[in-house]
Amino acid sequence: MEREPGPGGARRALGRLVEAVLASRGEANAVFDILAVLQSEDQEEVQEAVRACSRLFGALLARGELFVGQLPSEEMVMAGSQGATRKYKVWMRHRYHSCCNSLRELLAHSSFQVKELALSTLMKFVQLEGEHPLEKPKWEGNYLFPRQLFKLVVEGLLSSEEDRSLLLSQFREYLEHDDIRYHTMQAASDTVARVTDGRPEVPLIFWNNAFTLLSSVSLPRQEGDLSSFYVKHVELSDKWKVVHLKEHQKAFQLMWLGFLKHQLPLRICKKVLVIMHDAILPHLAQPSLMIDFLTRAYDIGGAISLLALNGLFILIHKHNLEYPDFYRKLYGLLDPSVFHVKYRARFFHLADLFLSSSHLPAYLVAAFAKRLARLALTAPPEALLMVLPFICNLLRRHPACRVLMHRPRGPALDADPYDPSEEDPAQSRALESSLWELQALQRHYHPEVSKAASVINQALSVPEVSIAPLLELTAFEIFEQDLKKGPESVPLEFIPAQGLLGQQDDLCAQHFTLS
Amino acid sequence: MVVPASEGCCLEPSRQCLAQLDVVCRVYRVSSTVFTFLLLPLRALGRRSPGKRLPLLGDPAHVCFLGLLFQLPQRTQTLLKEYKERDKSNVFKDKRFGEYSSDISPEEKMLKRFALEQQRQHEKKSIYNLNEDEELTHYGQSLADIEKHNDIVDSDSDAEDRGALSAELTAAHFGGGDGLLYKKTSQQQGEEGEKPKSRKELIEELIAKSKQEKRERQAQREDALELTEKLDQDWKEIQALLARKTPKPEGRGGKEKPQPDAYDVMVRELGFEMKAQPSNRMKTKEELAEEAQARLRRLEAERLRRMLGKDEDEHTKNPKHVSADDLSDGFILDKDDRRMLSYKDGKMNIEEEPGGEASASESAEEEEEEEGSGEEGDPEENDGPDGHSDLESDVGSEDGGERAEEDTCLVTGDTAIADDGGAREAARTELPYTLAAPESYEELKSLLSGKSVEEQLLVVERIQKCSHPSLAVGNKAKLEKLFGFLLEYIGDLATEDPPGLGIIDKLVVHLYNLCQMFPDSASDSMKFVLRDAMHEMEATVESTGRAAFPGLDVLIYLKIVGMLFPTSDFRHPVVTPALLCMSQLLTKCPVLSLRDVLKGLFVCCVFLDYVSLSQRFIPELINFLLGILYIATPKKQSQGYTLVHPFRALGRNSELLVVSDKEDMATWQRRRLSLHWAAGPKAQTKTEANHTRLSCLAVCLALVERCVRVYGALPSFHDIVRPLRALLTEHLADGSHPRELQELGQSALTEMETQAQLCRPLVCEKSKPVPLKLFTPRLVRVLEFGRKQGSSKEEQERKRLIHKHKREFRGAVREIRRDNQFLARMQLSEITERDAERKRKVKQLFNSLATQEGEWKALKRKKFKK
């Protein structure tokens, strides 16, 4: 292929070659030239070549100039004595294959534009091949989908080498189509199984890519007609699996179970748990199958346990799951870090739900209240503003626990009978104790916290305080609120300033110097 | 409808009212007895409710009656007049003041007229004529004439009858003699019996009489003149004695007029001389100290009240007592602010006293005190005019009295400043004396950049003085802005490398003074700065989930907040956000380096300083100290405590403060931590770094001990410090640290253990019993009887308006109808009058004709007879 200088040169040359190949079968060998450019170093040229391939094979597919059926090997056909047309078709189809393989390799190209172009070209081939199947239908109305080619694409996306989240987000557009989604789920399950098969260590990048792809699959909620197909069909048949939501759900479930049965990295685990209640559980054919994963996660401890709580809650609540020692474990989850983790709001929302039952034994609720109060001694103000009403709500719901804040004629003790290290709430002796922690928090430096803690000085009012608006409270919001608190007069310090570290009995002056 | 009369009229008909009654009776052709009869029930009704002012107002019958009574005369005055003038093209206008208005009494009317006339006389003929002054008079005499004193004698001669001729004379001359003649004759008839005089005689007598009178008058005048001159001479002698002056040689004393000026001038001098008023005595030192103490005590009591936060809800409910005479302009007269006479350098001090005293704004007072004590101890500032502009001297004289006292009682001068007095003096002379307040931050920066610390301070000081709020109107805003700029400047200085902490240290005093002057704007700028810092942090937290420790500027700002505002308040508009800001610093910023440790410890110190008085509990601080202690502990077992957010049990920084070098440990000496080092990157040797680590640990242990002491009384103290205790025990068990540190730790630990814990069960406060529900009747205000009640306020208002409109409309129609009736009546009466006249005339004609006829007939008969 002769080269012309300039960026437009390659395009023109390639264009000419494509024209030639399409015009006469005699020029077919020019395909090699085009395919050769796909390996080029120059990004522009590669893009041109991809476009040329797209045009060329698109036209060939549409014309039906590719061999249909089980593809014999190239040498056999060339050596055989079939007709020239058949030989040409078989040969061309081999070229098509090699083109697809090169495109799949281009998905790992360094330039994103090339990647994107390769992906869209491959998807175009998928569409055209679906319309003009390269295999013979086994019976009348047989559903045909270029599974091989599509698997190639998905494999390309689920790379183990580099993060393909950008490309995957491009791919998400195609997932709008029902058939693509269905086959993606199948292909993804296959790929995950293949990659993890027999390998002890799977790179984190693969998990990331897989999770991105899996999480972008979202099934429709209702059984509508699944008719938004990427591959255009003249008419849809009821016998096809792809038109039934149930089949989709099965594929979905297979895909996730296949994914989650592996030992996932903690970060991926967290991500899965975050979307579990919302995006995964409702679409599963049998949600109770998730129990394995969830209990495993719940046992890990820390933030993961908090997150697993949500999925477990749905299983318990909607699917009649019996979970032994649930409250004991919940009690165990309460440690100082709950007030500092990102999922604080979600956790307390759920904890509120779990503890809302009025049939819980008093000792349990008392233990929870006492534990939370103890933890509140280390909490930042935004958490305190939420947890103090939370504790008061517990006491409101369970009048038997009010001894925690009101125990007339009780003997004075020299130590708190509550045992914080006891794991069993029943043994923690919380009911014998009082909420001295809240009394301590009445001396908190923030006025609102102090007020919230002072609620226990009076008999509690009957209606519960809704903690929903307090769950998402951040320190910055409190800060803004404090700043905006009315234009009251500003009292001033009356001891005159003597310099930055001028005051006597000033801690800063004792421990720091300016020099 | 116009009801012009006061209600006195309708209760007790006055004379005026009865006169009108007469008119009414005549017009309506009813007898006045009938009318008075009509009035009777009215009187009775009025008497029945004497307390009310308008007993029957609104009663339709009454209104109608009043209308009859009082509208008629009014109609005669207005409508009738118009009617009568309907065909006239000329209008006669009476321009006399208030001629037709009945609501001014005649006396008043006359007074007003007189005043108007006077005014008209004094009006300048031309506004551009400046020379023509209005003449001032006293008892009708020009003051200018009195001033001249030239005709004292003549003044009391015969002023009243000099120009006027005697009544008799005029009567005789111009009266034609008739009246006089008659009068005289009647007089003389009594005296001389029946002897009439001729006209000639009478006139002669008269002339003689007048001549004699004239002569007498002249003689009298001369006598008076003589007497006055004699009196003057006598007075002169006495005056000479009084003034201890030798009397002037009296060569021409007899003839010459005495000079009135000498006396007059003296009298005036005496009158206008300022009298010395007693002023407050100077206070002794003890008294001053006592006063200052009382003030402090009062402020402290106020602070305590705010700390407890008791009045949070109350202060909105019960406002202060407000006098009925209060104009709500914030003026409170609690001191006599009249000017006192005072002397300075032997001269009268006429300049104004400090205005701060009068308005009782203690902030101003304080500020002046601060100025006196804070900025300098050099007395040159005050005495002697050191060439400052008069602006300066004004400020100086303002607090002159106070400053002088303070300078004497001020024992402690700032030694640092006293040392470099020379440099200061040099700077003083170089810099311009008047400096305009900067309008932008850049301006301030350009003013301050490239100058030494002293010069910068001087510049700031002078800016403050030159734009003192008492000097010009806009200065307040300028100084308010200056606060913000200074704050910004301090932030810039703190982020510099190395940070200009020395200047900041001095500038803080100025900030304090400015803040005392303008608390509101100062708090606003402070809030702005804090918000900026928080926003920055929020942004990083949101993007990365954590934030780095901010620069030194934020820490300095936090420290400054603690110095400008009372930190112990239950809720304070600036301090509460600052506390939250610090809480965020301690919870959101992971400790990644030794510098972070330093900053964190500084924040802890500031935090503890904030709550040193209120002794409030800070969970974050305990967590942070636990974390610091953790990263300083080698070989940990991690039992009995859990770390929270910014710290992690494992990881790169979990042994940040661990020192393993034995030699460094041996050479370490406890020193204060340097803020400088916290700010900028500064190469440190390994030993230095190790020493800093140990110092940090020492500070941390000291803070732990402090916390233990502060929070010892909290109810669940042991639960709070349990993790610290566990870690500290572990720490001490290691035993590798220097002795001093171990002692520190040990003392903290023993302090913790000795705190007694008493767990008294909680008991709620007894709440008041809830009162029984009482069914109080629903009260609905009845506004008008027969009207639908219970509708909304707007609807009622609308109905009321509609009703009023209807009533007014009817009233207007009735008025018009009455007007027409009145006119018709008038026309009718005119016609009848005319008819009567015509009838009369016709009758007359007939009469005359009849008499003519009769005469003629009689004549004829006579003739006929003849």
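The values are calculated or read from the model by the stated rules, or taken from the named source; none is laboratory data. This structure is a prediction, so every number in the text was calculated from the model and none was measured. Cβ placement follows ideal geometry from the backbone for every residue including glycine, while neighbour counts extend to all protein chains displayed. These area figures cover heavy atoms from the full protein model, side chains too; ligands, DNA and RNA do not enter into them. Shrake-Rupley method; radii C 1.70, N 1.55, O 1.52, S 1.80 Å.
Structure summary
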| read-out | value |
| --- | --- |
| Considering residues of the range A:404-425 that are more than 8 Å from chain B (Cβ to nearest Cβ) and surrounded by 16 or more Cβ atoms within 10 Å (Cβ to Cβ) only, the residue farthest from B:LYS766 (Cα to Cα) | A:PRO425 |
| Candidate set: the range A:324-361, residues that are open to solvent by less than 30 Å² (accessible area, probe 1.4 Å) and in a loop (DSSP other than H, G, I, E, B); chosen: the one nearest to B:GLN584 (Cα to Cα) | A:LEU334 |
| Filtered residues of the range A:50-78 (kept if assigned to a helix (DSSP H, G or I), hydrophobic (A, V, I, L, M, F, W, C) and within 41 Å of the chain's Cα centre (by Cα)) | A:VAL50, A:ALA52, A:CYS53, A:LEU56, A:PHE57, A:ALA59, A:LEU60, A:LEU61, A:ALA62 |
| Qualifying residue in the range A:458-467 (condition: open to solvent by less than 70 Å² (accessible area, probe 1.4 Å), within 8 Å of another protein chain (Cβ to nearest Cβ) and β-branched (Val, Ile, Thr)) | no |
| Hits in the range A:177-219 (condition: in contact with a Pro (Cβ under 7 Å, 6 or more places away or on another chain) and more than 19 Å from A:LEU254 (Cβ to Cβ)) | A:LEU204 |
| Residue tally, condition open to solvent by less than 30 Å² (accessible area, probe 1.4 Å) and either of a type outside the set (Asp, Glu) or outside any helix (DSSP H, G or I) (or both), over the range B:446-463 | 8 |
| Sole exception among (1) touching a helix residue (DSSP H, G or I) at 6+ places or on another chain (Cβ under 6 Å); (2) aromatic (Phe, Trp, Tyr); (3) more than 14 Å from every other protein chain (Cβ to nearest Cβ) for A:TYR343, by number | (3) |
| The range B:609-633, residues that are small (Gly, Ala, Ser) and farther than 15 Å from B:SER583 by Cα | B:SER612, B:SER614, B:ALA632 |
| Output for the range A:426-454, where each listed residue is open to solvent by 10 Å² or more (accessible area, probe 1.4 Å), more than 17 Å from A:ALA362 (Cα to Cα), touching a residue at least 40 places away in the same chain (Cβ under 8 Å) and more than 9 Å from chain B (Cβ to nearest Cβ) | A:ALA452 |
| Subset of the range B:604-644 that is on the phi > 0 side of the Ramachandran plot and among the small types (Gly, Ala, Ser) - its residue that is nearest to the other protein chains (Cβ to nearest Cβ) | B:GLY640 |
| Any hit, the range B:693-712, residues being within 14 Å of chain A (Cβ to nearest Cβ) and touching a Cys at 6+ places or on another chain (Cβ under 6 Å) | yes |
| Test: residue in the range B:547-555 that is surrounded by fewer than 22 Cβ atoms within 10 Å (Cβ to Cβ), facing chain A (nearest Cβ under 8 Å) and within 21 Å of B:LEU592 (Cα to Cα) | no |
| Any hit, the range B:795-806, residues being exposed (fewer than 11 other Cβ atoms within 10 Å of the Cβ), modelled with pLDDT under 90 and under 60 Å from the mean Cα position of the chain (by Cα) | no |
| Criterion violated by A:GLU173 - all others in (1) within 24 Å of A:GLU116 (Cα to Cα); (2) touching a residue at least 12 places away in the same chain (Cβ under 8 Å) satisfied | (2) |
| Residues (open to solvent by less than 40 Å² (accessible area, probe 1.4 Å) and farther than 18 Å from A:THR121 by Cβ) located in the range A:160-174 | A:SER160 |
| Of all residues making up the range B:426-451, the number that are modelled with pLDDT of 80 or more, within 21 Å of B:GLY500 (Cβ to Cβ) and not basic (Lys, Arg) | 9 |
| Flag for B:VAL597 being open to solvent by 10 Å² or more (accessible area, probe 1.4 Å) and either more than 7 Å from every other protein chain (Cβ to nearest Cβ) or assigned to a loop (DSSP other than H, G, I, E, B) (or both) | no |
| Criterion violated by A:GLY69 - all others in (1) within 23 Å of A:VAL18 (Cβ to Cβ); (2) touching a residue at least 40 places away in the same chain (Cβ under 8 Å); (3) among the small types (Gly, Ala, Ser) satisfied | (1) |
| Test for B:PRO498: is it open to solvent by 30 Å² or more (accessible area, probe 1.4 Å), in contact (Cβ under 8 Å) with a residue 60 or more places away in the chain, over 21 Å from B:LEU585 (Cβ atoms) and facing chain A (nearest Cβ under 9 Å) | no |
| Cβ pairs under 7 Å, 6+ apart, first in the range A:17-46 and touching a residue at least 24 places away in the same chain (Cβ under 8 Å), second surrounded by 14 or more Cβ atoms within 10 Å (Cβ to Cβ) and among the aromatic types (Phe, Trp, Tyr) | A:ARG25/A:TYR88; A:ALA28/A:TYR88 |
| Count - residues of the range B:631-682 that are touching a helix residue (DSSP H, G or I) at 6+ places or on another chain (Cβ under 7 Å), of a type outside the set (A, V, I, L, M) and in a loop (DSSP other than H, G, I, E, B) | 20 |
| Any hit, the range A:486-496, residues being facing chain B (nearest Cβ under 7 Å), of a type in the set (Phe, Trp, Tyr) and more than 50 Å from the chain's Cα centre (by Cα) | yes |
| Criterion (away from every other protein chain (no Cβ under 14 Å) and either surrounded by 20 or more Cβ atoms within 10 Å (Cβ to Cβ) or in contact with a strand residue (DSSP E or B) (Cβ under 6 Å, 6 or more places away or on another chain) (or both)) met by exactly one of B:ASN690, B:ASN653 | B:ASN690 |
| Residue that is nearest to B:LEU80 (Cα to Cα) [pool: residues in the range B:815-840 that are in contact (Cβ under 8 Å) with a residue 60 or more places away in the chain and among the basic types (Lys, Arg)] | B:ARG825 |
| Check on B:HIS731, surrounded by 16 or more Cβ atoms within 10 Å (Cβ to Cβ), farther than 22 Å from A:LEU507 by Cβ and not small (Gly, Ala, Ser) | no |
| Residue count for the range A:425-443, restricted to those that are in contact with a helix residue (DSSP H, G or I) (Cβ under 8 Å, 6 or more places away or on another chain) and assigned to a loop (DSSP other than H, G, I, E, B) | 6 |
| Options B:ALA219, B:ALA243: the member that is open to solvent by less than 90 Å² (accessible area, probe 1.4 Å) and modelled with pLDDT under 90 | B:ALA243 |
